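Working notes, structure below.
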Protein chains: 2
Amino acid sequence: MRKLRVAAAQVGGIQPDETRTEVVGRLLDLMERAAGAGCRLVVFPELTLTTFFPRYFLEDISSADTYFETALPGPETRPLFDASRRLGIGFHLGYAELVREGDRNRRFNTAILVDGGEIIGKYRKVHLPGHADHLPEAPFQHLEKRYFEVGDLGFPVWKAFGGVFGMCICNDRRWPETYRVLGLQGVEMIVLGYNTPEVNIHHREPAHLRMFHHRLSLQAGAYQNATWVVAAAKCGVEDGSRLIAGSAIVSPNGEIVAESAGEGDELIVADCDLDVGTDLKRHVFDFARHRRTEHYGLITERTAPVLPD
Amino acid sequence: MRKLRVAAAQVGGIQPDETRTEVVGRLLDLMERAAGAGCRLVVFPELTLTTFFPRYFLEDISSADTYFETALPGPETRPLFDASRRLGIGFHLGYAELVREGDRNRRFNTAILVDGGEIIGKYRKVHLPGHADHLPEAPFQHLEKRYFEVGDLGFPVWKAFGGVFGMCICNDRRWPETYRVLGLQGVEMIVLGYNTPEVNIHHREPAHLRMFHHRLSLQAGAYQNATWVVAAAKCGVEDGSRLIAGSAIVSPNGEIVAESAGEGDELIVADCDLDVGTDLKRHVFDFARHRRTEHYGLITERTAPVLPD
């Protein structure tokens, strides 16, 4: 048994006029509660430091740069790193990353893994959802394809907290490739955050499906790779738009062992035995004995479906 | 809307002394009921024609040849093909296939798709579960790796019944690669059968997980590829060993729209609109816009996990 006590720190709505310092204050409170509960790691959501700005169309994307971080830690976020060191707790945090490369500004939807106050891993979101162009008819925008570049770091893993860790972000969790690439590196815990609008702007669908698909994706990814999955929501109402809650800790059997009850700031905690997936990995999902890569070629050869004649 | 009325024909336990003719009689009854209910297609289980013989260890595997078909249709199975033609109903059937190639006997866990009494598609199981050697300590055997070769036909699709069809068999359903390879060919309905022992002989686990993992796998595969999935169980007690039931028809949203109630011969029916997945395929799962194959390389490059240093 390799026990790791972990928290998912759900964060309620962040309004456009809320300052970084105010948000960081909320996160520090959650981190202190997690440390007080004996957690070694606390998982914060995607784009945690501001309101979910891809809902706004801005003609000039640099007008959105106020939502981005050019350095982490920066003056307003340093207290999170200091608290990590002081409290002996690691954290995962999603944020909008602005990188200046010469004359060029590059923007990513990024997450970091921190331990002892130091960044030990960085991931940039690969599966950007939504659209790049203004949709004036939609009730709100989902312009991640406008504001961010596709992540260029792949899906790495890190040895940390006594196990093998991976990260992904929000829409990545709907894609089985995300979990499988991590699974093929022996991942034991995947941490992620999300901002998922309650309403699908692209097509009408029954409202309950948003939460159902969220849970289904986490649970299948966990089971099929025999890994823990810890997912933290930014949720509730932001500037009149509502995001789903449902922060969850999922075991390698695919079962939800902890789930948030509300849609505000909330901590959920679980004692995760990193060895729970070992039997599955040795038998049903012994990849060495069962996977047949000679029949999987299309997964990497082909991006989009080709229909039969 | 492209409506297709489909049945999954669950088949209760088949005892070792039951003849092919007796079994085919049960299948004909189910097929006639499906046709009477207006179905265009009925899905039978995996290895439908005999008891699940991989539970038995036989020193000489050719001693098991009595469980295999050397021709389909053969004398005992021809009535199924005749009924398909007469009733205007297609069927999917799993069986043990023995192929004589010169001096060599090849054995596969196979399924066919039949319409108008003619075989229009064949699939051979790729993900063979279990083990190849006798496990004398186990309560029963799961010797699929002994009795069958790995399928050599890949995961093809066929235009049939007004849509794009794919097949897989039993353990294939636990592997996201199965659904994705089919999804990359525009599959709209995946049909499959299974024989899933109620007890996991490889390691102790809570009994409810068998059914949970079965449903989770079907539901995730359906949702993540926006396809219907129709799964038929051979189930109940066979020669003292129990197999799970849970035959199900799953929509492209991942929801179970019909599920068996018992563990005997039973028909479940659903009116499947093959267009239900269209919106998902155009937006959330618009593979052309969202998949990033440049980050999926490990899925085909690597069979087994490689852990970080």
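Peptide A:177-184 is shielded by partner chain Cβ atoms: per residue, an average of 5 of them sit within 10 Å of its Cβ.
The fraction of all Cα pairs in chain A landing in successive 10 Å bins from 0 to the largest distance is 6, 28, 36, 22, 7, 1, 0, given as whole percents. Here is the tail figure for the protein assembly as shown: Cα pairs spaced more than 45 Å apart come to 21 percent of all pairs.
Only Cα pairs under 8 Å and 6+ residues apart enter the sum, and on that basis the relative contact order of chain B stands at 22 percent. Taking the average, over residues, of other Cβ atoms within 10 Å as the packing measure, peptides B:242-250, A:229-237, B:300-308 rank A:229-237, B:242-250, B:300-308 from highest down.
Seen from residue B:69, the other residues with C-beta closer than 11 Å to its C-beta sum to a net charge of -1, counting Lys and Arg as +1 and Asp and Glu as -1. Accessible surface computed residue by residue for the range A:94-206, with neighbouring protein chains in place and a 1.4 Å probe, gives 31 Å² per residue. Under the classification rounded if a/c is under 1.5, otherwise prolate if a/b is larger than b/c and oblate if not, where does the range A:180-309 fall, given a ≥ b ≥ c as square roots of the Cα gyration tensor eigenvalues? In terms of gyration-tensor shape, oblate. Computed over the alpha-carbon atoms, the range A:127-230 gives an Rg to Rh ratio of 1.02, Rh here being the Kirkwood radius from the mean inverse distance.
Here the ratio of the Cα radius of gyration of the range B:1-136 to 2.2 N^0.38 Å is 1.11.
With helices as the sole contributors, the protein assembly as shown gives -6000 deg cm²/dmol at 222 nm; each DSSP H run of n ≥ 4 counts as -39500 (n - 2.57), and the sum is divided by every residue. Total buried accessible area between B and A, probe 1.4 Å, nearest 100: 6400 Å². Relative contact order for the range A:78-163: 24 percent, from Cα pairs under 8 Å spaced at least 6 residues apart, divided by residue count. Taking Cα centre as origin and charging only the Cβ of basic (Lys, Arg, +1) and acidic (Asp, Glu, -1) residues, the dipole magnitude of the protein assembly as shown rounds to 520 debye.
Please report the spacing between the Cα centers of the range B:239-307 and the range B:184-225 in Å, no decimals. Centre-to-centre distance over Cα atoms comes out at 8 Å. Could you tell me whether the range B:69-196 comes out rounded, prolate or oblate from its Cα gyration tensor? Rule is a ≥ b ≥ c as square roots of the eigenvalues, rounded for a/c under 1.5, then prolate if a/b exceeds b/c, otherwise oblate. The shape class here is oblate.
Charged side chains reduced to their Cβ positions (Lys and Arg at +1, Asp and Glu at -1) give the range B:76-139 a dipole of some 200 debye around its Cα centre.
Per residue of A:149-159, other chain Cβ atoms within 10 Å of the residue Cβ number 2 on average.
When peptides B:116-126, A:60-70 are ranked by their average number of other Cβ atoms within 10 Å per residue, the highest-first order is B:116-126, A:60-70.
Tell me whether the range A:255-302 comes out rounded, prolate or oblate; compute the Cα gyration tensor, take square roots of the eigenvalues as a ≥ b ≥ c, and use a/c under 1.5 as the rounded threshold. Oblate is the answer for the range A:255-302, as a/c is 1.5 or above yet b/c matches or exceeds a/b. Relative protection proxy for B:160-166, B:99-105, from highest mean packing down: B:160-166, B:99-105 (other beta-carbon atoms within 10 angstrom). Among the residues of B:279-291, the average count of other protein chain beta-carbon atoms within 10 Å of the residue beta-carbon is 6. Contact order for the range A:34-112, expressed relative to its length and based on alpha carbon pairs under 8 Å spaced 6+ residues apart, stands at 39 percent.
Just the number, please: carbon plus sulfur as a percent of the accessible area of chain B, 1.4 Å probe, no ligands or DNA/RNA counted. Reported share for carbon and sulfur atoms: 48 percent.
Considering only B:298, B:267, B:98, the Gaussian network model of chain B with Cα springs below 10 Å gives its largest mean-square fluctuation to B:298.
The same position residue A:211 in the other copies lies at 2.3 nm from this copy, comparing label points 7 Å beyond Cα toward the beta-carbon, shortest first. Simple point charges give the picture: +1 on the Cβ of Lys and Arg, -1 on the Cβ of Asp and Glu, and for the range B:253-309 a dipole about the Cα centre of about 620 debye.
The values are calculated or read from the model by the stated rules, or taken from the named source; none is laboratory data. These numbers were taken from a predicted model, which means no experiment stands behind them. Every residue, glycine among them, receives a Cβ derived from its backbone with ideal geometry; neighbour counts consider all protein chains shown. These area figures cover heavy atoms from the full protein model, side chains too; ligands, DNA and RNA do not enter into them. Shrake-Rupley method; radii C 1.70, N 1.55, O 1.52, S 1.80 Å.
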